[in-house]
Amino acid sequence: MWILLLGELTLFALLFWTYLSARAAAPADFAIGRQALHAGIGLINTIVLVSGSWLAASAVAELECSHRDRAIQFFQAAAVCGLLFMAIKSSEYYLYLGGSSLLLQSGLATYYFALTGIHLLHMVVASILLVATIVTIRQDDPAKDKRILPELSSLYWHMVDVVWLVLYFIFYIC
Amino acid sequence: MSTLRNQLICAYSFIPYSISLAIGLFVLPRWLPPFDPALDPAAMAALFREDMATRIGIAILAFFSPFFLGIWVAMAAQLRRMEGEGHLLSNLMLLSSVLQIMAIQLPCFPLMALMFRPELDDQLFVIFSTTAWFMFLGAAGQAFIQMFSIGLCILTAVPDRQVFPRWLGYVNMLAALSSFPGVLLMFFKTGPFAWNGLFGFWVVLVGFSIWATSNFLCTLSAIKTQMREQRAALVTR
C-alpha cells in the first residue's frame with residue numbers, strides 16, 4: 001500500500017511545485033486572485049478534515065482492541081466528515097464560479113480549480129474506502145484479512161488530509 | 001497446455017504494440033513532446049501537409065494499436081483464476097481496454113484522410129489534430145475503469161487465489177488515481193496541463209509506461225508459473 005500512498009504524494013508534490021513555479025513567475029497576478037479566496041471556508045474545511053483524520057485513527061485503534069461496533073461508529077463519523085468536506089467545497093466552487101469574481105480574472109484560478117479539484121476527487125475515493133471498510137467489518141468474513149482495508153482507508157485519509165493542509169497553506173494563507 | 005501457450009502468445013503481442021506506439025506516435029512524427037496546442041492554424045496544418053514521416057507513423061499506429069488487446073486478454077484469463085465465479089471485474093477490464101484501444105486507433109483515420117487531401121482548409125487540420133490529442137491523452141475515463149478493475153480484482157482476492165502480487169494491485173490503483181489530471185488537457189493550451197506539458201504529456205507517458213510494463217511482466221510471470229505447475233502435476237502422476 002506504500003506504493004499507492006508514496007506515488008500519490010509524489011504526484012501532488014509535482015502539482016505543488018508546478019503551482020509555486022507559476023506563482024513565482026507572476027506574483028502580482030496571483031495575489032489579486034488570492035484576495036478572492038475565503039480563508040474562513042478553508043479553515044472550516046481544514047477542521048473538518050483533521051477531525052475526520054482523528055476519527056479514522058480512533059476507529060483503527062478500536063478495531064485493534066476488537067471493539068468492532070465502536071470502530072464502525074468512528075468510521076461512519078469520518079465518512080460524514082468526508083461528505084461535509086465535499087459539500088462545503090462544492091458550495092465554495094459555486095460561490096467563485098457564480099459571479100465576476102476576482103479569482104476568475106487571475107492566473108490563480110486555473111491552478112486553484114485544478115489542484116483542489118484533483119484533491120476533491122481523492123476525497124471521494126477516501127470516503128468510498130471508508131464505506132467499503134465499514135461494509136467489510138460488518139460482513140465479518142473469516143476468509144478475508146480484516147486488517148488491511150481499515151489500515152489502508154485510514155492511511156489514505158491521512159494522506160489526503162496532509163495534501164489538504166499544504167493546499168490550505170499555499171492557497172489561503174501564504 | 002496449448003491454452004497457456006496461446007495466452008503467452010497473446011501477452012507477447014504487447015512488444016510489437018509498444019514498439020509501434022513509440023515509432024508511430026513519437027519517433028516518426030517527432031512528437032516527443034507533441035506540438036504546441038497554441039500554434040496558429042497555418043503552422044499546425046503545415047506539420048501534417050507533405051510530411052511523409054508523420055503519415056507513415058500514423059498508418060503504423062492505426063494498424064498496430066489493436067495488438068494491445070492481446071496482453072489484456074491474457075491478463076483477463078489470469079484474473080479469472082483470482083475472481084472465481086462471475087468474472088465481472090475481468091470482463092469490465094477487457095471491455096474498457098477495447099475503449100482504450102479505440103481512443104488510440106479511431107483518431108488515426110481522420111488524420112490519414114487529411115494527409116491524403118492536403119488541399120483542405122487549415123481549420124480542418126486544427127480540429128482533427130486537436131481531437132486526436134484529446135483522445136490519445138485525455139480519454140481518462142476508460143483508463144481509470146481498466147486500471148481500477150485490475151487493482152480491485154487483485155486487492156480483493158482471497159490469499160489462496162493470489163495469482164498476481166498485491167503490489168501490482170496498488171500500482172494499478174495508483175495509475176487509476178493518477179489518470180484524473182489527464183482530463184485537464186482539454187482546458188489548457190499552455191502550461192503544465194496542456195497536451196505538451198508536464199502533466200498533460202510527460203506524467204501520462206511515464207505513468208502509462210510503468211503501468212503497462214508492470215502488468216505485462218506480471219502476466220508473463222503468472223502464465224509461466226501456471227505452466228510449471230501443470231508440468232509438475234503431470235510428472236507426479
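Dividing the alpha-carbon radius of gyration of the protein assembly as shown by the rule-of-thumb value 2.2 N^0.38 Å gives 1.11. Of the residues A:Q139, B:A232, B:G141, the one whose Cα sits farthest towards the positive end of the charge dipole of the protein assembly as shown is B:A232 (charges of +1 on Lys and Arg Cβ, -1 on Asp and Glu Cβ, taken about the Cα centre).
Seen against the Cα atoms of chain B and their longest principal axis, helix B:203-236 is set at about 30 degrees. If you take all other residues with their beta carbon under 14 Å from the beta carbon of B:C218, and give Lys and Arg +1 and Asp and Glu -1, the sum is +3. The spread of Cα positions in chain B, taken along each principal axis and listed from longest to shortest, comes to 71, 31, 26 Å.
Between the range B:55-86 and the range A:16-60, the alpha-carbon centres lie 41 Å apart. Each of A:D29, B:D121, A:D161 has some number of other Cβ atoms within 10 Å of its Cβ, and from fewest to most they run B:D121, A:D29, A:D161.
Phi angles across the range B:115-121 convert, under the Karplus curve 6.51 cos²θ - 1.76 cosθ + 1.60 with θ = phi - 60°, into 3J(HN,Hα) values of 5, 6, 10, x, 6, 5, 5 Hz, Gly and Pro given as x.
Estimated from helical segments only, the mean residue ellipticity of the protein assembly as shown at 222 nm is -25000 deg cm²/dmol, where each DSSP H run of four or more residues counts as -39500 (n - 2.57). The phi-based Karplus calculation (6.51 cos²θ - 1.76 cosθ + 1.60; θ = phi - 60°) puts the 3J(HN,Hα) values of the range B:178-184 at 6, 7, 4, x, x, 5, 5 Hz, whole numbers, x for Gly and Pro.
Between B:Q162, B:Q78, B:C108, the Cα set farthest toward the positive side of the dipole of the range B:43-178 (charges on each charged residue's Cβ, about the Cα centre) is that of B:Q162. Other residues lying with their Cβ under 14 Å from the Cβ of B:P192 contribute a combined charge of +1, Lys and Arg counting +1, Asp and Glu -1. In percent, rounded to a whole number, the relative contact order of the range B:87-226 is 22, using alpha-carbon pairs under 8 Å and six or more apart. Residues with beta-carbon under 14 Å from that of A:F171, excluding A:F171: net charge, scoring Lys, Arg +1 and Asp, Glu -1? Here the count lands on +2.
Placing dummy labels 7 Å off each Cα toward the beta-carbon, the span from A:Y93 to B:A59 is 4.5 nm. Each label point was placed 7 Å from the Cα along the Cα-to-Cβ direction; for A:I128 and A:V162 their separation is 2.3 nm. Mean separation of Cα pairs under 8 Å and 6 or more residues apart, divided by the residue count, gives the range A:19-155 a relative contact order of 32 percent.
Here chain A is treated with +1 on each Lys and Arg Cβ and -1 on each Asp and Glu Cβ, and its dipole about the Cα centre works out to around 180 debye. With a cut-off of 8 Å between alpha carbons and a minimum separation of six or more residues, what is the relative contact order of chain B in percent? Contact order relative to length: 24 percent.
Label sites at B:I127 and A:Q35, each approximated as a point 7 angstrom past Cα along Cα to Cβ, lie 4.2 nm apart.
Readers should treat all values here as calculations from the given coordinates under stated rules, not as data from a laboratory. On a predicted model such as this, the values are computed, not experimentally measured, just so you know. Using ideal geometry, Cβ is built from the backbone for each residue, glycine included, and neighbour counts are taken over all protein chains shown.
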